[in-house]
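Right, one structure below, let's go through it.
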Amino acid sequence: MTNPDGAPALSAKNICKSFGDKKILRGISVDVAKGEHIAIIGPSGSGKSTFIRCLNLLEMPDNGTLRLDGQQVLDAELKTPTRSVRSLRKRVGMVFQSFNLFSTHTALENVSLAQRLALGRTRDESSTRSEELLKRVGLKDHMDKRPGQLSGGQQQRVAIARTLAMDPEVILFDEPTSAIDPEMRVEVLKVMTELAEGGMTMMMVTHEIEFAKQAADRVMFLADGEVMEMGPSGQILTDPENERIRRFVNALSGVI
Amino acid sequence: MLDPAYILEGLWITIQIWFGALIVSTVLAIPVAMLRRTKNPGARFLGALWAWIARGIPPIAWLIIIFFGLSLGIISAVPVLAAIVGLGIVNSAYLGDSIRAGLDSVPDGQREGAASVALNRWDTLFRVVLPQAVPVMLASAAAYSITLLKNTAIASIIGANELVFYAYNAVQVGADPLLSFFTIGLVYLAFTVPVGIIARWLDTRVRRGTVKVAH
Amino acid sequence: MQFVLDTLVELIPGLWVSIQMAAVAIAVGIPLGFGAGLALNSPSKALRWITITLVEIFRGFPALLTLYLVYFGLTNIVTLGRFTAVMIAFGVTTAAYTAEIFRASIASVPKGQIEAAQSVALSRGQITSRIILPHVLNIAVPPIIGIAIITFQGTALAYAIGARELLGTAYSIGMIQFRVLEPLLLAALLYLLVTSLMAWLEILAERRVARLTGTNGNRVRARRRNRVGRQLRRDDRALGLAEARITP
């Protein structure tokens, strides 16, 4: 499904979302180029999580459009049917803050389940692929363990493998390291860095400033449901012009 | 059609069996719960054995054994009495657990606290322990009383002329079975639903209370 | 002594009928109960209310009455054998008792797991069968065994419509032999035996759940609670107490 005119991998226009009377997103737009990595930062309550969940339609936007590789996949006003919701999700991966592994399945089954059920791969194909991916994230010896037997860092790597198994065009990360003990974060960040270097298109909500500096091409700063600033990560994270962003970044980097 | 006057008559017998069995089970359950809370292993075994036998045998089997199998004088001769005794035995096992759970729910600190201000055993039990334990007991005892009420229907099988007995006989002489039995069912619901609501209400209150104590 | 042995041998076919009755009632009741549990978690208010009404009716009716309702009531429409009537009546009763257990277990599936399943493009049916069902089966087995015990004991009520199950067999042996008490006591002993066996299975299942879900810290407390309150909790569940709470 290559696109000759080099359309963005993911394009979101004017995404709006309210919960009851509360407006969480006030029209957010972004174009993510193929192979680009965008970090989304911002104070809590700014709508980062809601925005990234809208991109996978875990929250249905009230308004706005989504395009994947130039193809329109959602026009919120037209109420797209479920079938296309599922086909969108096959193409957009999601990694959650609390991993959300299927607790009744082993690591291997977690990775292979959707390959069989959603992509229609055979049992053999999916297991081979899953083993390969689990090796790649460094979990060769933990394939038959259940989520309860794994550390947070290990669970998150299984979750990343689960997403990779779908061969997504874009992967969304929703604070992937916030629920993990600090010493275990490194291994997850390492896997994410490798993914980024491999050319995967990624959008990540994160509080890891150092990681974002290295891995992200652009940074999107959200406040009160709007994009306050968007630009190259070096500029925004090292020397932000906006005073509010400066204070936020300094606080996260531990600079007083 | 069922005659309302007969329904009321049947209901009156049903209520007699229900309350009678409640009284019998309370009288039996208190010593059973006491036995199971002592430190003496023999006594605890006896208590557990009673509970095991009382609820391991289906209520209907209890009634048949008491009414047809044993010769307990008047008890084995009058169906209502046999039902009261049989259902009382079964419910005593459950009620014994309610009592035990209620007493267990009072933290040891409460008894120690009472001892530290020199309350005697009697005052400790009635002024400190029971006021906290009784709501817990009542919540599950109320729920068990619903099972007991439903089990009173079994008394019809040994000929106690309660609600189901009346409906069964009416059907035998030509009343519409679907309508008759359903109507009688609604009479039971008129009791089980409100008691169930009370039990759930007590249960939530007790739970909220426990949480407060725990923190 | 010979009489006791002979009676025992004669009781075995009756016991077998009781076990079969309980098995089919449970086989009918569990899928129905799971369906009701799903319906009780449904976003549709109408569906929830219809289900609540049905569950409350069959939980509030004495099982004997439901049996009469089916056996005598449905004969106007179709002729039912005793076994079929027992299957329908106790199947429905079992479903009503298990509905709450299933509702609570389904509601306890972490929302994140459903979202994760959605994010990898599983369909609703796949999410129900591959994510929700295994979770429910894991945690709901012990209380379901508790209900199965109630169902097994309930099959003795089939005696009232003249079925030749354990109690009915014991009674008729007594009538023929003019010795009523011994066969009845032997039948009671067999009920006690099967019930105890099931209760033991329930304990094993509970340990398994504790192993699968429990953390070490909770285990000691859980075991103590189990000892005191297993029976209590079992009946609480059947009655809709404890975690079983219908909130429309």
Worksheet item: On average, how much area does the Cα convex hull of the stretch A:167-256 cover when viewed from any direction, in nm²?
Response: 6.6
Item to complete: Sort out for me the Cα centre separation of the stretch B:114-131 from the stretch B:1-26, rounded to whole Å.
Response: 39
Worksheet item: When chain B is treated as a GNM, springs tying every alpha-carbon pair under 10 Å, which of B:Gly47, B:Gly86, B:Gly73 comes out with the largest mean-square fluctuation?
Response: B:Gly73
Fill in: HN-Hα J in Hz across the stretch A:50-61 - Karplus 6.51, -1.76, 1.60, θ = phi - 60°, x for Gly and Pro
4, 4, 5, 5, 5, 5, 9, 6, 6, 10, 8, x
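So what is the calculated 222 nm ellipticity per residue for chain A, using -39500 (n - 2.57) for each DSSP H run with n of 4 or more, over all residues, to the nearest 500 deg cm²/dmol?
Working: 9 runs with 96 residues, N = 256.
For chain A, the value works out to -11000 deg cm²/dmol.
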Worksheet item: What is the mean projected area of the alpha carbon convex hull for chain A, to one decimal in square nanometres?
Response: 14.4
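Considering every residue in C:100-112, what mean count of other chain Cβ atoms within 10 Å of its Cβ is obtained?
Values: counts 0, 0, 0, 0, 0, 0, 0, 0, 0, 3, 4, 1, 6.
Whole-number average of other-chain Cβ neighbours for C:100-112 is 1.
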Response to the item:
Whole-Å distance linking the alpha carbon centroid of the stretch C:22-79 with that of the stretch A:6-61 is 46
Response to the item:
For C:Leu137 and C:Thr53, extending 7 Å from Cα along the Cα-Cβ vector and measuring point to point gives, in nm, a value of 3.4
Item to complete: Treating the angle as unsigned and between 0 and 90°, give the value, to the nearest 10°, between the Cα long axis of helix B:79-104 and the longest Cα principal axis of chain B.
Response: 20
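When you look at the Cβ of every residue in B:45-53, what mean number of other chain Cβ atoms sits within 10 Å? Walk me through the numbers before you get to the answer.
Working: counts 0, 0, 0, 0, 0, 0, 1, 5, 3.
The shielding value for this peptide is 1.
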Practice prompt. Quote the FRET efficiency, to the nearest 0.05, computed for B:Ile30 versus A:Lys23 with a Förster distance R0 of 60 Å and r equal to the Cβ-Cβ distance.
Written response: 0.45
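Once the convex hull of the C-alpha atoms of the stretch C:102-172 is built, how many Å³ does it hold per residue, rounded to a whole number?
Values: hull volume 7.5 nm³, N = 71.
Convex hull of Cα atoms, per residue: 105 Å³.
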Worksheet item: Which percentage, to the nearest 5, of the DSSP beta bridges contained in the protein assembly as shown is antiparallel?
Response: 60
Worksheet entry | Cα-only radius of gyration and Dmax that characterise the protein assembly as shown, units Å | 31.9, 102
Worksheet item: Can you put B:Val78, B:Val136, A:Val111 in order, fewest other beta carbons within 10 Å first?
Response: B:Val78, B:Val136, A:Val111
Worksheet item: Which of the chymotrypsin sites (Phe, Trp or Tyr not before Pro) found in the stretch C:93-182 are in a DSSP loop and have at most 11 neighbouring Cβ atoms, other than their own, within 10 Å?
Response: C:Phe178
Fill in: Rg and Dmax [Cα atoms of the stretch B:23-80; Å; Rg one decimal, Dmax integer]
13.8, 40
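Would you mind calculating the relative contact order of chain A from Cα pairs under 8 angstrom and at least 6 residues apart, reporting the percent as a whole number?
Details: 475 pairs, mean separation 64.5, N = 256.
Over chain A, the number comes to 25 percent.
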Discussion item. Taking the number of other C-beta atoms within 10 Å as the exposure measure, put B:Phe68, A:Phe51 in order starting with the fewest.
Written reply: B:Phe68, A:Phe51
Discussion item. Bins of 10 Å, beginning at zero and ending with the bin holding the largest distance: percent of Cα pairs per bin for the stretch B:4-214, please.
Written reply: 8, 28, 30, 20, 10, 3, 0, 0
Discussion item. Considering only C-alpha atoms, what is the centroid distance from the stretch A:209-256 to the stretch B:39-107, in Å?
Written reply: 72
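GluC sites (Glu not before Pro), restricted to the stretch A:189-246: which are DSSP loop and have at most 15 other Cβ atoms within 10 Å?
Details: sites: A:Glu194, A:Glu197, A:Glu208, A:Glu210, A:Glu226, A:Glu229, A:Glu241, A:Glu243; in loops: A:Glu208, A:Glu241.
Listed in order of number, the matching sites are A:Glu241.
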Practice prompt. Using a Förster distance of 60 angstrom, determine the FRET efficiency expected from the C-beta separation of A:Glu125 and C:Leu5, and round it to 0.05.
Written response: 0.45
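Between A:Asp181 and C:Ala210, take the C-beta separation as r, use R0 = 35 Å, and let me know the FRET efficiency to the nearest 0.05. Spell out each step's value before the answer.
Values: r = 25 Å, r/R0 = 0.73.
It comes out at approximately 0.85.
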Discussion item. Using Cβ contacts closer than 10 Å as the measure, can you line up A:Phe173, B:Phe182 from fewest to most?
Written reply: B:Phe182, A:Phe173
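Roughly how compact is the stretch B:114-167, stated as its Cα Rg over 2.2 N^0.38 Å to two decimals? Could you put the intermediate results ahead of the total?
Details: Rg = 19.8 Å, N = 54, 2.2 N^0.38 = 10.0 Å.
Here the Cα radius of gyration is 1.98 times the empirical estimate.
For the stretch C:2-239, what is the convex hull (Cα atoms) projected area averaged across all directions, in square nanometres?
Details: hull surface 64.2 nm².
Computing the convex hull of the Cα atoms and averaging its projections yields 16.0 nm².
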Discussion item. Averaged across A:90-103, how many Cβ atoms of other chains sit within 10 Å of each residue's Cβ atom?
Written reply: 4
Fill in: Computed [θ] at 222 nm, deg cm²/dmol, chain B (DSSP H ≥ 4; -39,500 (n - 2.57); rounded to nearest 500)
-26000 deg cm²/dmol
Worksheet item: For the stretch B:118-215, what relative contact order do you get, as a whole percent, if you take Cα pairs closer than 8 Å and at least 6 residues apart?
Response: 38
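Each value in this text was obtained by applying a stated rule to the coordinates, not by laboratory testing. What you see is a predicted model; the values in this text were computed from it and never measured. Cβ sites come from the backbone with ideal geometry, for glycine too, and all protein chains shown count toward neighbours.
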